[in-house]
1. Tell me which residues, restricted to region 442-461, are among the charged types (D, E, K, R), in contact (Cβ under 8 Å) with a residue 24 or more places away in the chain and assigned to a loop (DSSP other than H, G, I, E, B).
2. Among the residues of region 642-661, count how many are modelled with pLDDT of 90 or more and in a loop (DSSP other than H, G, I, E, B).
3. Here's a check for you: in region 297-312, which residue that is in a strand (DSSP E or B) and more than 38 Å from the chain's Cα centre (by Cα) is farthest from the ligand (Cβ to nearest atom)?
4. State whether one or more residues within region 547-564 are in a helix (DSSP H, G or I), in contact with an Asp or Glu (Cβ under 7 Å, 6 or more places away or on another chain) and either within 23 Å of ILE626 (Cα to Cα) or among the acidic types (Asp, Glu) (or both).
5. Show the residue pairs that are 6+ apart or on different chains and have beta-carbon atoms under 9 Å apart, the first residue being within region 601-621 and within 19 Å of SER539 (Cα to Cα), the second being in a strand (DSSP E or B) and among the polar types (S, T, N, Q).
6. For ASP99, all conditions in the list (1) charged (D, E, K, R); (2) in contact (Cβ under 8 Å) with a residue 40 or more places away in the chain; (3) out of contact with any Leu (no Cβ under 9 Å at 6 or more places or on another chain); (4) surrounded by fewer than 16 Cβ atoms within 10 Å (Cβ to Cβ) hold save one; what is the number of the exception?
7. I need the full set of residues from region 272-289 which are within 14 Å of the ligand (Cβ to nearest atom) and either over 32 Å from the mean Cα position of the chain (by Cα) or in a helix (DSSP H, G or I) (or both), in order please.
8. Please verify whether THR466 is buried (at least 17 other Cβ atoms within 10 Å of the Cβ) and among the polar types (S, T, N, Q), treating the condition exactly as stated.
Amino acid sequence: MSQKGDLNKIENRIIELRKQLHHHNHLYYNVVEPVISDKEFDILLKELEELERQYPQFGDPLSPTQRPGGDPVDGFEKVVHVHPMLSLSNTYNSEEVEDWMNRVEKGLEGEEIVYVMELKYDGVAISLLYENGRLQKGITRGDGVTGEDVTSNVKTIRTIPLVLKEGAPEKLEIRGEIFYPFEDFNRLNAQREENGEQVFANPRNTAAGSLKMQDSRIVASRKLDCMMYSVMDSIGVDSHSKAVEKAGDWGFKNPKPTDNMISTSKDANGVMSFIEFWDKERHNLPFAIDGVVIKVDKYDQQERLGLTSKSPRWAISYKFETERVLTKLEKVTYQVGRTGAITPVANLSPVQLGGTTVRRASLHNADQIAKLDLHNDDMVYVEKGGEIIPKIVDVDLNARKGSVDMFGSIKFPYECPECSSTLVREEGEAAHYCPNSEGCPPQISGRIIHFIGRKSMNIDGLGSETVVQLVEAGLITDVSSLYELREADLLPLERMAERSVQKLLNGIKYSTEVPFERVLFSLGIRFVGETVAKKLAKSFRNMNTLMSASKEELEAVDEIGERIAISLLDFFSIEKNTNLIRRLEGFGLQMAKEEEDGATDKLAGLSIVVSGVFQTIDRTSLKKLIEFNGGKVSSSISKKTSFIVAGDKMGPSKKEKAEKLGVSIITEQEFLDKL
Ligand code: IVH
């Protein structure tokens with residue numbers, strides 16, 4: 001067959017693969033009934049990725065391979081909405097809903113009216129523009145008239161189709177709500193906590209913030225979701241409920257009558273029972289809603305009712321009451337985390353809220369305390385909104401006894417509540433920190449507790465209470481001192497019988513087998529979570545190479561940006577940290593990745609400098625090859641250098657230095673032959 005024929009075949013295969021993958025993506029994320037396994041999906045995706053790599057001329061920015069996000073963008077373009085994005089007027093009780101229904105009925109002069117009820121998703125509005133079935137733009141609401149083009153981020157959301165199924169109109173605008181499901185939001189926060197980062201306050205703000213990120217790869221890692229709620233173009237149906245159903249056929253995630261997420265009624269009873277149902281049931285949804293939206297279903301009636309300047313007359317929202325209780329603020333205590341960050345916690349008189357007893361509420365930071373102007377013994381309003389941890393939203397000023405009590409206001413402490421060091425707050429940071437990382441007990445125990453955790457060194461027989469006990473008894477001061485513990489140190493401690501001591505010591509002993517990537521994670525370096533540790537271990541293979549890596553070398557690793565690189569460089573620039581690593585190495589912890597098959601120690605003990613541009617192998621692979629065979633890559637020439645592998649354009653000063661020190665220079669071919 002001709003070359004052209006071959007190319008045609010390849011292009012057709014690419015098109016077919018994309019079609020299949022879009023379809024399976026829809027079945028998996030929107031219909032939630034996949035018909036192929038994840039593995040089968042991955043095989044198709046890999047085939048497509050490979051073909052697109054080999055034949056870039058058939059590239060498509062809307063290919064299913066493009067979901068992981070692309071290179072960062074500089075700012076977002078402003079776009080004027082075709083139809084302004086209005087808001088809804090709110091109602092808060094059945095009378096207000098009935099008043100609105102009466103107004104609608106009056107406006108339509110006795111016609112039969114069908115109302116359609118949906119959930120009010122608590123996220124951020126998005127306008128999605130399609131042409132010929134292909135996503136052109138995703139635009140935020142902005143001020144309602146002009147929004148921002150956040151297409152690069154929108155494309156990472158799996159429940160938003162990139163290419164519509166057959167039958168969709170040539171031009172289409174769909175509106176919907178992007179939100180962060182609880183499970184993924186909680187997972188993100190747990191990960192942030194583990195990495196020593198500040199946790200996000202609630203899913204809505206995090207979804208909004210994510211959508212405005214410059215780097216869509218980060219957005220892709222946050223599993224945002226999207227539910228459509230409006231079809232803006234005429235599509236040959238006469239009602240909203242029919243349009244919503246159609247949108248589902250084209251590939252959008254839509255509410256279904258079978259889940260009672262959308263329902264119709266001709267009277268107030270039906271509307272109110274939908275509201276009452278979801279007021280209770282909302283706590284069982286996997287995402288946050290803050291009410292119900294009620295719309296007139298028929299498009300021609302919507303048109304006749306028209307709009308006011310801010311909102312349509314044909315729709316209204318019913319806002320659920322956020323559960324709120326009044327209770328007494330007993331006192332504010334301050335927790336010190338392993339990174340030294342101070343978190344204020346409100347201790348409350350126990351009170352029932354949303355089915356649980358609440359004793360504590362988060363206060364986030366000093367600004368929050370100042371904003372609420374909290375005083376000791378204040379009566380405070382506590383809410384459980386989209387947040388998981390309840391928060392104080394207001395103070396009952398009437399309940400504050402006496403006149404203005406200047407000394408009663410709660411002042412954020414100047415000193416660490418645990419070790420009395422003066423707290424610091426860096427510019428632009430919301431949190432205060434205790435700088436005494438070496439002497440502050442909760443920071444010491446916090447680091448050790450992180451080190452022994454299940455995902456870290458997984459030391460059996462040692463729990464956080466015992467760690468605190470050991471730190472308080474002065475038996476351990478950092479993670480390395482765990483490896484010096486002896487039976488005689490432990491037996492005198494409370495709750496330490498011989499068997500538990502043995503179990504603990506065995507747990508410590510076996511932890512020396514834990515693989516390098518987990519050792520790296522266990523060190524608790526800021527922003528180095530499990531995934532980052534794995535990536536670093538894979539690229540740098542061992543601790544020495546990682547410790548001597550430059551900022552550029554670190555940033556060259558997939559998903560490692562400047563923030564992580566700087567954190568690593570900072571950590572390794574501190575002598576006590578490098579000393580700690582040396583001590584851990586001395587105790588036998590794994591400081592190198594176990595070599596895969598084919599690894600050798602042919603270059604063991606050799607220190608090799610790589611310089612210049614190479615013909616048959618790229619620099620990074622060459623360095624990896626050296627390390628893979630047990631050699632050490634060094635960046636500068638010294639007496640200790642075993643030899644230099646030189647490519648083209650090796651600098652003259654390096655050449656001179658090598659000659660001066662008598663270090664031999666070999667070509668890349670000579671090196672490869674040698675291996
Ligand atoms: S219909 C004229 N339906 O609520 C606006 N909006 O205050 C018509 N929202 O910005 C919007 N769930 O982002 C509609 N089922 C739903 C909704 C919904 C959430 C948001 C939307 C809008 C805001 C209106």
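1. LYS455, ASP460
2. The total comes to 1.
3. Quick first cut of region 297-312, residues in a strand (DSSP E or B) only: 298, 307, 312.
Keeping just the survivors that are more than 38 Å from the chain's Cα centre (by Cα) gives 298, 307.
Numbers: LYS298: 16, LEU307: 8 Å.
The residue in question is LYS298.
4. Step one: list which residues in region 547-564 are in a helix (DSSP H, G or I), which gives 547, 551-555, 562-564.
Checking which are in contact with an Asp or Glu (Cβ under 7 Å, 6 or more places away or on another chain) leaves us with 555, 562.
After this cut, where a residue has to be either within 23 Å of ILE626 (Cα to Cα) or among the acidic types (Asp, Glu) (or both) as well, the list is 555, 562.
Yes; the residues of region 547-564 include at least one that is in a helix (DSSP H, G or I), in contact with an Asp or Glu (Cβ under 7 Å, 6 or more places away or on another chain) and either within 23 Å of ILE626 (Cα to Cα) or among the acidic types (Asp, Glu) (or both).
5. Listed pairs, sorted by first residue: SER607/SER634; ILE608/SER634; VAL609/SER634; VAL610/SER634.
6. (2)
7. Start the filter on region 272-289 by keeping residues that are within 14 Å of the ligand (Cβ to nearest atom), which leaves 274-275, 278, 282, 285, 287-289.
Residues satisfying the conditions are PHE274, ILE275, TRP278, ARG282.
8. yes
The values are calculated or read from the model by the stated rules, or taken from the named source; none is laboratory data. What you see is a predicted model; the values in this text were computed from it and never measured. FYI the Cβ positions are ideal-geometry reconstructions off the backbone, even for glycines, and counts take in every protein chain you see.
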